[in-house]
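Reviewing the structure listed below.
The values are calculated or read from the model by the stated rules, or taken from the named source; none is laboratory data. Note that the structure is a prediction, hence the values are computed from the model and not measured. So basically every Cβ, Gly included, is an ideal-geometry build from the backbone, and we count neighbours across all protein chains shown. Note: areas computed on protein heavy atoms with side chains; ligands, DNA, RNA excluded. Shrake-Rupley method; radii C 1.70, N 1.55, O 1.52, S 1.80 Å.
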Amino acid sequence: MTEPRCRTRILIVDDSVVMRTLLRLVIGTDASLEVAGTAANGESALGAIENLRPDVVVLDVEMPVMDGLATLRKLQARGYRVPVIMCSSLTQRGARVTIEALAAGASDYVAKPAEQKGREAAIRALAEDLIPKIKALTARPPPGQTVAASASRFAVVHPCAVEPAAPSLVAIGVSTGGPAALDVVLPVLPAAYPVPVLVVQHMPELFTAQLAERLNERCRLRVREAWEGAPVEAGTITIARGNWHLEVLAAARRGAPGTLHLTQGTPENHCRPAVDVLFRSAAAAYGGGVLGVVLTGMGSDGVAGCRALRYAGSSVVAQDRATSAVWGMPGAVTAAGLADRVLPLAAIGAEMLRFAGRGTSAGKAVPGAVA
């Protein structure tokens, strides 16, 4: 007799009966998932996690008795390592608490349905968002696969690679697990960091504004959300605005700063903003003077942009599997042979410091090399 397939078990935590029912229906649309149980607030969720040992927790942000952020902190204090997906309303308070939760260790978030007409439309919209995230967070690497083997197998030749130019820009792409990763990398940079930093984080508009505000409180550099025509300035970290692609345009005259351009062009890799859009524009504007950094995230956004950077002579760093919430984006860049270095998260800030101080005499990067 064939053994039954082991299904991924999800605990639903929400004070709304309607939302708990909706989430049950969403999870029921995929045969590889099952509901392990439900809880109406964070306090009861803690006991349910202890008893049920779910694979994933879908956690409401705003609840009575104990809200999502307090619940997450208690989970971490007790040593639980279960992936947590926050379920957030698209409000300013919902966005603010969600960003805090993501920075505190939540793996990802989904937005509660708001504009769909009817239950079936709400189920479809939420399923399209939630189910891929559950699967990405619970995926296991293929047996015996290593970063080095993956990179060498898919290594490509870069015939147009040139000696790196003087450092001009750091461009970062990140998605799932991004706020927590940025919380590690960006505060490392000193107030005198001489290179502008641009960040694409896959998030809606309200959330990117809250992310920039929070990082501005934690970083020594100024952090802002992008706006049309803003100058690309040293000493500044700019977060792409949600629902708008971010491009960097070359300076109109020598000595002047580049400028930012926001567009609502077609989503790329199902994303707007997309990492590929930023990276391609950075390669066109700055040639070999860019450091592309690809951090944790689901999917493959950034691969095409990293290829453009490498052909322009720029360098690419990818986060390693062990420290990524999801090794989708950095893994895809590594598998394509586009990463000069694959580094743990804690080492990426130091690599950005090294890049900014390298000057024009730095050695040529080795295509496909993995540190």
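Observations on the structure shown:
- Qualifying residues in region 188-209 (those that are assigned to a helix (DSSP H, G or I) and open to solvent by less than 10 Å² (accessible area, probe 1.4 Å)) - the one nearest to L262 (Cα to Cα): T208
- Residue within region 284-297 that is hydrophobic (A, V, I, L, M, F, W, C), touching a residue at least 12 places away in the same chain (Cβ under 8 Å) and open to solvent by 30 Å² or more (accessible area, probe 1.4 Å) present: yes
- Candidates in region 38-79 are the residues that are open to solvent by 30 Å² or more (accessible area, probe 1.4 Å) and under 22 Å from the mean Cα position of the chain (by Cα); of these, the one that is modelled with the highest pLDDT is D55.
- Filtered residues of region 172-187 (kept if hydroxyl-bearing (S, T, Y) and open to solvent by 10 Å² or more (accessible area, probe 1.4 Å)): S175
- From the options S44, S32, residue that is among the hydroxyl-bearing types (S, T, Y) and in contact (Cβ under 8 Å) with a residue 40 or more places away in the chain: S32
- Restricting E100, E120 to those that are at pLDDT below 95, over 30 Å from D183 (Cβ atoms) and not in a loop (DSSP other than H, G, I, E, B) reduces the list to E120.
- Looking only at region 157-187, and only at residues there that are assigned to a loop (DSSP other than H, G, I, E, B) and under 22 Å from A234 (Cα atoms), the one that is modelled with the lowest pLDDT: P164
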